[in-house]
1. Any chance you could count how many residues in the range 60-72 are in contact with a helix residue (DSSP H, G or I) (Cβ under 6 Å, 6 or more places away or on another chain) and either modelled with pLDDT of 90 or more or open to solvent by 50 Å² or more (accessible area, probe 1.4 Å) (or both)?
2. Identify, by number, the condition in (1) at pLDDT 65 or above; (2) closer than 17 Å to Ser11 by Cα that Pro125 doesn't meet.
3. Taking only pairs six or more apart or across chains, which ones have beta-carbon atoms under 7 Å, a first residue in the range 47-63 that is over 17 Å from Ala77 (Cβ atoms), and a second residue that is at pLDDT below 70?
4. For the range 20-51, enumerate the residues that are open to solvent by less than 70 Å² (accessible area, probe 1.4 Å), at pLDDT 80 or above and more than 16 Å from Leu153 (Cβ to Cβ).
5. Residue pairs, Cβ under 6 Å, 6 or more apart or interchain, first in the range 1-28 and in contact (Cβ under 8 Å) with a residue 60 or more places away in the chain and within 15 Å of Pro83 (Cβ to Cβ), second not in a helix (DSSP H, G or I) and not β-branched (Val, Ile, Thr). List them.
6. Scan the range 129-152 and tell me whether some residue there is basic (Lys, Arg) and at pLDDT 75 or above.
7. Looking only at residues in the range 83-101 that are open to solvent by 20 Å² or more (accessible area, probe 1.4 Å) and either small (Gly, Ala, Ser) or closer than 16 Å to Ile55 by Cβ (or both), which one is modelled with the highest pLDDT?
Amino acid sequence: MINSVKTAFFSGTGCTALCVGELKSALEQLDIAVSTQELRGVQNEWSPIGAVMPIIMYLVYTFNAPLPIHEFVDFLAQVAGAPAAIIPVSGGGDITPNRACRLAIRKKLEQKGFDVTDDSILFMPCKVIVYTPAHVAAAPLSLLRETTDEIALNL
């Protein structure tokens, strides 16, 4: 059982930040201490709290993670089997092209010695390529708390 986590995240439009907030609330309901670090610019610090499990959250960016996430994972120190989680946020959900967004980050974390215990994907309204009517965009938002509660329990 984990007792503290730190979420490092990159949010381009605010949806990922919203997801981080909901997951934080869900984890705190389970008496897990949570801190967050928004990644902006070059990353050169990671200040963990106690025995901490990193949770890395980001928007899917061209079927990959955005550069600040890659830089952040590159910065992490070597560990020996510490748990970690990857939770991308996507307008397309858990579909084949979006699954690729986790591969490079997962590989980098495993090379650093982390044991990736969860790599869920959060579905949010699509904001690129296709127009999403308001009532369709509202659907994943209405399920966000339920989804983050489930992820928190899985962690």
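1. 2
2. Result: Pro125 passes all but (1).
3. If the second residue must be at pLDDT below 70, the pairs left are Val60/Asn98; Phe63/Pro97; Phe63/Asn98.
4. Listed by number, the residues that qualify are Val20, Gly21, Ala33, Ser35, Thr36, Gln37, Leu39.
5. Ile2/Met53; Val5/Met53; Ala8/Gln37; Ala8/Leu39
6. Looking for residues that are basic (Lys, Arg) and at pLDDT 75 or above, one finds at least one in the range 129-152, hence yes.
7. Residues of the range 83-101 that are open to solvent by 20 Å² or more (accessible area, probe 1.4 Å), as a first pass: 83, 91-92, 94-97, 99-100.
Narrowing the set further to residues that are either small (Gly, Ala, Ser) or closer than 16 Å to Ile55 by Cβ (or both) leaves 83, 91-92, 100.
On the way: Pro83: 92, Gly91: 67, Gly92: 62, Ala100: 71.
The selected residue is Pro83.
The values are calculated or read from the model by the stated rules, or taken from the named source; none is laboratory data. Because the structure is predicted, anything quoted here is derived from the model rather than measured. Backbone-built Cβ (ideal geometry, glycine too); neighbour counts: all protein chains shown. Heads up: the accessible areas ignore ligands, DNA and RNA and are worked out on the full protein's heavy atoms, side chains in. Shrake-Rupley method; radii C 1.70, N 1.55, O 1.52, S 1.80 Å.
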